[in-house]
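To start, the structure under review is shown below, and the notes come after it.
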Amino acid sequence: MAFTAVGIALKTQLTFRRPLVFCVRKVRYSGSLAAVDLVAEPVSKHEGEVFGRDNKGHEWKKLNSEVLGIETWMISKPTRVVLNGLRKKGYEVYLVGGCVRDLILKRTPKDFDIITSAELKEVRKTFVRCEIVGKRFPICHVHVYDTIVEVSSFSTSVGKSSWKLGNNFSKPSGCKGRDYIRWRNCIQRDFTINGLMLDPYAQVVYDYMGGMEDIRKFKVRTVIPANVSFVEDCARILRAVRIAARLGFRFTKETALSVRELAGSVLRLDKGRILLEMNYMLAFGSAEASLRLLWRFGLLEILLPIQASYFASQGFRRRDGRSNMLLSLFSNLDKLVAPNRPCHCSLWIAILAFHKALFDQPRDPVVVAAFGLAVHSGGSLSEAVEIAREISQPYVPSFDELLEPRDIDFNDALMDDVIDLSVSVKAALCKMTDQFYISQAMAKYPEAPYSDMVFIPWALSLRVSKIFECIGRGMERGCVPKRGKQINYESLALGSLKEVRHLFARIVFDTIYPPHQNRDKHIAT
């Protein structure tokens, strides 16, 4: 049976290597590849030199990007098209922000941001498919192939921050011309490691804020004092967590203190913005680390009180290195996604609801396995139950969410248990969007801050519910089960029901029956 093959495939170990460079699909383009190659202007083969110093003693460094290991092929092809298009018009162009940091760290950038000396109107004239977006902070969206490349202008970025320049910085002596323009842009960045600027033609990285030093120290540091920075924009608190989680960096003492003290200010953010930031944390390959940091710094009980209540009930301490079922589920999600191949937010919301249902009512491992297989198949319970009964792998006995295996004599009884679990998951999803229920989640823990934050819109919860609506006595009408282990990441990012169900089943199965556990058993025998 085709589905049996799927069930066997789910039992195998999942091994995915994350590429160090941006992967671009084959595209239909009439121009030659030579048109998108960068022409480098050679520079001296030293790592860097100090070419200035600001009024606080920060050294300005100019570093050789080639020595840092940054090569042309590491920049995505659509980005090179835009860089070359503006360069040929005579404009200065730089890569700026997190993409430069990631290239230095040999990580795959989530996206590439370009800043140029051209006015936005001039950028729009340069490219056929380009529009100016944003009223307060306008930028250009340049469409290249199926990708949007964001381009900002030095002229519009000057007034981005409401923070007054003289409060923390004054114009350094000797800072003139292009240096001043670049410096002025970099000091408006949120964190020093995001304040790096790369000239890909001259092969130079400009570091005005000590970003390279913080990269070497694995530190997340705000450009201006942390308490000022987070008050100015409390979303930076969540970005700090996201960056630290993804890179494995630590906060500086000042940053850590301000994150703790100002954690409650994130309640002022628009719910859509919170959903966006949470998706960046949970859908791009650093979900487990993000949850740990949110818990450690008092943000989890504000943003996800239900999950914070679970952590507290488990006696999970702020700096705890242990794991639990919730963290294991997201650890297995992290193995399947990455910054350049994220999942749709419906997947991680489904995982939260699934875990909530299991924590409220623990289940037999075979029931959980059959449930995951049935989700994958689009509701074929009979085949899911048959496959689940044949599983011989050891489950994880340390999870409180799993009961001791018991003999379930009849397939009908096992099907009933699977259907009941499906009902419980959908009920848990409703609780996650119930403001009153959310507000009571941490009631047993008076030391926790009050929060009734619900950032999952009702329409999105209905979309998540569809993942589990297939569970019933008959297979979902018109459903064609996913075949093979290959993941279509484009469909996954768009929330394709087939792809989301496929990954959900793999994550559940590998959490209940870890592949390494089975391998260790065979080694022992």
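The values are calculated or read from the model by the stated rules, or taken from the named source; none is laboratory data. Predicted model only: the values in this text are computed from it and were never measured. When we count neighbours, we look across all protein chains shown, and the Cβ atoms used for this are built from the backbone with ideal geometry, even at glycine. Side chains are part of the model used for accessible areas, which takes the heavy atoms of the whole protein and leaves out ligands, DNA and RNA. Shrake-Rupley method; radii C 1.70, N 1.55, O 1.52, S 1.80 Å.
General observations
- Residue within segment 111-127 that is closer than 21 Å to F284 by Cβ, assigned to a loop (DSSP other than H, G, I, E, B) and either open to solvent by less than 20 Å² (accessible area, probe 1.4 Å) or among the basic types (K, R) (or both) present: yes
- For segment 466-492, the tally of residues that are surrounded by 18 or more Cβ atoms within 10 Å (Cβ to Cβ) and modelled with pLDDT of 90 or more stands at 5.
- Failed criterion for A374 (all others in (1) more than 29 Å from I391 (Cβ to Cβ); (2) at pLDDT below 95; (3) touching a Ser or Thr at 6+ places or on another chain (Cβ under 9 Å) hold): (1)
- Out of F359, F311, one residue alone is under 25 Å from E404 (Cβ atoms), open to solvent by 10 Å² or more (accessible area, probe 1.4 Å) and of a type in the set (F, W, Y). It is F359.
- Residue within segment 77-97 that is in contact (Cβ under 8 Å) with a residue 12 or more places away in the chain, within 29 Å of L494 (Cβ to Cβ) and open to solvent by 40 Å² or more (accessible area, probe 1.4 Å) present: yes
Table: residues versus (1) within 30 Å of the chain's Cα centre (by Cα); (2) part of a loop (DSSP other than H, G, I, E, B); (3) under 24 Å from S380 (Cα atoms).
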position	(1), (2), (3)
Y395	yes, yes, yes
D400	yes, yes, no
P405	no, yes, yes
V418	no, no, yes
V423	yes, no, yes
Y450	yes, yes, no
V464	yes, no, yes
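- Answer residue from segment 149-197, given it is aliphatic (A, V, I, L, M), assigned to a helix (DSSP H, G or I) and modelled with pLDDT of 60 or more and is farthest from A256 (Cα to Cα) among those: I181
- Long-range neighbours under 9 Å by Cβ, at least six apart or interchain, first residue touching a residue at least 40 places away in the same chain (Cβ under 8 Å) within segment 212-225, second open to solvent by less than 10 Å² (accessible area, probe 1.4 Å) and part of a loop (DSSP other than H, G, I, E, B): I224/F169; I224/I187
- Every residue from segment 288-300 that is within 19 Å of D452 (Cα to Cα) and open to solvent by 10 Å² or more (accessible area, probe 1.4 Å): W295, F297, G298
- Flag if I408 is of a type outside the set (G, A, S) and within 15 Å of A370 (Cα to Cα): yes
- Identity of the residue in segment 372-393, part of a loop (DSSP other than H, G, I, E, B) and polar (S, T, N, Q), that ends up most open to solvent (accessible area, probe 1.4 Å): S392
- Subset of segment 211-228 [open to solvent by 20 Å² or more (accessible area, probe 1.4 Å) and either charged (D, E, K, R) or under 17 Å from the mean Cα position of the chain (by Cα) (or both)]: E213, R216, K217, K219, R221
- The residue that is nearest to D452 (Cα to Cα), among those in segment 251-287 that are in contact with a Phe, Trp or Tyr (Cβ under 6 Å, 6 or more places away or on another chain) and open to solvent by 20 Å² or more (accessible area, probe 1.4 Å), is K271.
- Residue among S265, S229, S258 that alone is hydroxyl-bearing (S, T, Y) and farther than 18 Å from W295 by Cα: S229
- Boolean, V231 is open to solvent by 40 Å² or more (accessible area, probe 1.4 Å), of a type in the set (A, V, I, L, M) and within 27 Å of M212 (Cα to Cα): yes
- Breaking point among (1) in contact with a strand residue (DSSP E or B) (Cβ under 8 Å, 6 or more places away or on another chain); (2) farther than 21 Å from K431 by Cβ, for R363: (2)
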